[in-house]
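**Q** Okay, here's the structure, questions in a sec.
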Amino acid sequence: MEQATFGAGCFWCVEAVFQNLKGVEKVVSGYTGGRIPNPTYKEVCSGLTGHNEVAQITYDPAQISFEELLEVFWKTHDPTTLNRQGNDVGTQYRSGIYYHNEEQKHLAEAYKQKLNEAHAFENPIVTEIEPLKVFYPAEDYHQNYFNLNGSQPYCQFVVKPKVDKVKAVFGEKLKA
């Protein structure tokens, strides 16, 4: 098993996008990139800690590759908006790939460069690509959030459209 860590806005969205893919064993919502140890959700939401809301994905590379995870990452959020995804605004919602090894770094940088050169997006990609220094799991009530709270308005209007997009675009990669 290997791990990948992505920030693409609210971690509830990122978690929901990846957890139904074949080969994904586990997805944990959490925080990385900040200045204080063991931050709370309230502290991260203040925007003052420097942390990013992320999802850490444990996956089987024999079933799904890091490149395939990157494809889902790039296609399920807007990597051209600095510190925001839709109405979620702040440094905690920045687009980021936090690599676990040099191969992930190389693949992420090459993919980003390819997308920019192809003008795949109207604006340049602002996704940060940084080594994962430390990952702090979020509080228990943030885990598996969409599956447990799917009828809440935020889930219906923000998370569900992303999940539906994954089903439509990546249907062949979904668990049965």
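The values are calculated or read from the model by the stated rules, or taken from the named source; none is laboratory data. Since this is a predicted model, take the numbers as computed values, not measurements. Note that we place each Cβ from the backbone using ideal geometry, even for glycine, and neighbour counts take in every protein chain shown.
**Q** All but one of (1) modelled with pLDDT under 95; (2) within 17 Å of Cys13 (Cα to Cα); (3) of a type outside the set (Phe, Trp, Tyr) hold for Gly171, so report the exception by its number.
**A** For Gly171, the failing item is (2).
**Q** For Thr58, are the conditions met, namely being farther than 23 Å from Val158 by Cβ, of a type in the set (Val, Ile, Thr) and either within 15 Å of the chain's Cα centre (by Cα) or buried (at least 20 other Cβ atoms within 10 Å of the Cβ) (or both)? Explain how you work it out, then say what you get.
**A** Details: farther than 23 Å from Val158 by Cβ: yes; of a type in the set (Val, Ile, Thr): yes; either within 15 Å of the chain's Cα centre (by Cα) or buried (at least 20 other Cβ atoms within 10 Å of the Cβ) (or both): yes.
Taking the combined requirement at face value, the residue satisfies it.
**Q** If we keep just the residues of region 1-43 that are in contact (Cβ under 8 Å) with a residue 40 or more places away in the chain and more than 16 Å from the chain's Cα centre (by Cα), which is surrounded by the most Cβ atoms within 10 Å (Cβ to Cβ)?
**A** Pro39
**Q** Something else now. Output the residue which, of all residues in region 85-124 that are assigned to a helix (DSSP H, G or I) and among the aliphatic types (A, V, I, L, M), is surrounded by the fewest Cβ atoms within 10 Å (Cβ to Cβ). First the steps, then the outcome.
**A** The first filter runs over region 85-124 and keeps only residues assigned to a helix (DSSP H, G or I), leaving 91-93, 102-117.
This time we only want the ones that are among the aliphatic types (A, V, I, L, M), so: 107-108, 110, 115.
Numbers: Leu107: 19, Ala108: 24, Ala110: 12, Leu115: 18.
Ranking the candidates gives Ala110 first.
**Q** Determine whether Glu128 is touching a Lys or Arg at 6+ places or on another chain (Cβ under 9 Å), at pLDDT 95 or above and either surrounded by fewer than 11 Cβ atoms within 10 Å (Cβ to Cβ) or acidic (Asp, Glu) (or both).
**A** Numbers: touching a Lys or Arg at 6+ places or on another chain (Cβ under 9 Å): yes; at pLDDT 95 or above: yes; either surrounded by fewer than 11 Cβ atoms within 10 Å (Cβ to Cβ) or acidic (Asp, Glu) (or both): yes.
Answer is yes for this residue.
**Q** If we keep just the residues of region 132-159 that are of a type in the set (Ser, Thr, Tyr) and assigned to a helix (DSSP H, G or I), which is surrounded by the most Cβ atoms within 10 Å (Cβ to Cβ)? Step through it out loud before you land on a result.
**A** At the first step, the residues of region 132-159 found to be of a type in the set (Ser, Thr, Tyr) are 136, 141, 145, 151, 154.
Still in the list and also assigned to a helix (DSSP H, G or I): 141, 145, 154.
On the way: Tyr141: 11, Tyr145: 21, Tyr154: 16.
Out of the qualifying residues, it is Tyr145.
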